[in-house]
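The values are calculated or read from the model by the stated rules, or taken from the named source; none is laboratory data. Since this is a predicted model, take the numbers as computed values, not measurements. Cβ sites come from the backbone with ideal geometry, for glycine too, and all protein chains shown count toward neighbours.
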Amino acid sequence: MAASQTPRLKPADPAGNPAVAALAGLELPLPLAVAFSGGADSTVLLLAAAARWPGQVQAIHVHHGLQEAADAFEQHCKHVCAELGIPLHVRRVHARNALGESPEDAARNARYQALARAARDAELKAVLLGQHADDQVETLLLALSRGAGLPGLAAMPPVFQREGMVFVRPLLALSARAIREWIAEQGVLVVEDPTNTDTSFTRNRIRRVVLPALEECFPQYRETFARTSRHAAQAQELLESVAVEDLARMGGTPALTALQVLPRARQGNVLRHWLRSAHQAQASAAQLEELLDQVADCRTRGHKIRIKVGGGFVERSGERLAYRDESA
Ligand SMILES: Nc1ncnc2c1ncn2[C@@H]1O[C@H](COP(=O)(O)OP(=O)(O)OP(=O)(O)O)[C@@H](O)[C@H]1O
């Protein structure tokens, strides 16, 4: 913000908002909600959405109860929405991370659940999220750093469903800089999440160290990386449909003889899909390889299989594989 400007809650020139063009061609079910944290990204999104669909936009703020600043964030959102004449719904969550889940993941999951429920309660048809192109690149780089497979490389989908609610990310092609510069130029007051500047979080280190280097070497990295994510998402969709067909042909659970006639990569594909969709279990690369070795060796009646995956075990049950969840 320029030193001479007094902070304000709404911009002097709303038409210059870079998110306006991102929403221009978008047809969405109405009325809808904007997930509003009070930060720069969801502020430009809220302003653009209110201009694109007058009287059809409401805001939802999730109070995390994690940070001391959460009360101040809520107050800020109340002031902005009152100034803009936009109804605001506030939901409180107290996310506790389960075994094997990070506190950030627990907070994110609780947030999506609260957003979906608040939207449904207010009879809103979709929820818009403010993630932009830099968030997408960070997500892809984090996936690469973990050695993720295609689902990770697909990064964040522009549209997805959760708890029966449609979530949309309309700003994925917009750079963080375009958003920040416009907010600063307009002198619009936004809250800054204090954890955003803490470089002990990998995401923030990527933002500060890796993205500037990428900018210098590959100025088009936002577009090209996004293209890679779209290719990965398409390939993953194809793999999913192959897995759905294979599992249906086996009768809904993996059958040993039917598995054994498939190529090993296709066996892995159907097993990963079965574990994830039927049991919410994620097999590591090592666990899956071991399971595939066991399936290949399982040629006699007495051959037992018992391999740990997630919070349970994959076991042989006659001619089939079964999953015993021991985390409950
Ligand atoms: N406490 C919250 N309440 C409602 N929506 C939220 C909240 N936190 C995040 N979101 C939504 O999720 C999106 C992505 O979350 P992320 O944590 O990356 O955002 P952020 O860094 O807080 O971004 P922003 O600048 O929009 O606040 C936000 O743009 C916003 O739409």
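LEU144 fulfils the conditions (1) without any contact (Cβ under 8 Å) to a residue 12 or more places away in the chain; (2) in contact with a strand residue (DSSP E or B) (Cβ under 8 Å, 6 or more places away or on another chain); (3) within 20 Å of GLU104 (Cβ to Cβ) except for a single criterion, (2).
With buried (at least 16 other Cβ atoms within 10 Å of the Cβ) and not basic (Lys, Arg) as the only criterion, which of VAL209, VAL168 stands out? Step through it out loud before you land on a result.
Numbers: VAL209 fails: buried (at least 16 other Cβ atoms within 10 Å of the Cβ).
Exactly one residue qualifies, and that residue is VAL168.
The residues in the stretch 253-311 that are surrounded by 15 or more Cβ atoms within 10 Å (Cβ to Cβ), over 21 Å from GLN236 (Cα atoms) and among the β-branched types (Val, Ile, Thr) can be counted, and the count is 4.
Residues that are more than 13 Å from the ligand (Cβ to nearest atom), crowded, with 19+ Cβ neighbours inside 10 Å and over 14 Å from the mean Cα position of the chain (by Cα) within the stretch 117-140 comprise just one, LEU124. Has the stretch 226-247 got at least one residue that is assigned by TED's automatic domain parsing to the domain that holds LEU26, closer than 25 Å to ASP105 by Cα, in a helix (DSSP H, G or I) and under 21 Å from the mean Cα position of the chain (by Cα)? No, there is no match, as no residue in the stretch 226-247 is assigned by TED's automatic domain parsing to the domain that holds LEU26, closer than 25 Å to ASP105 by Cα, in a helix (DSSP H, G or I) and under 21 Å from the mean Cα position of the chain (by Cα). Counting only residues that are assigned to a strand (DSSP E or B) and under 35 Å from the mean Cα position of the chain (by Cα), the stretch 290-328 holds 15 of them. Does ALA255 satisfy being over 15 Å from GLY318 (Cα atoms) and either among the hydrophobic types (A, V, I, L, M, F, W, C) or more than 26 Å from the chain's Cα centre (by Cα) (or both)? Criteria not met by ALA255.
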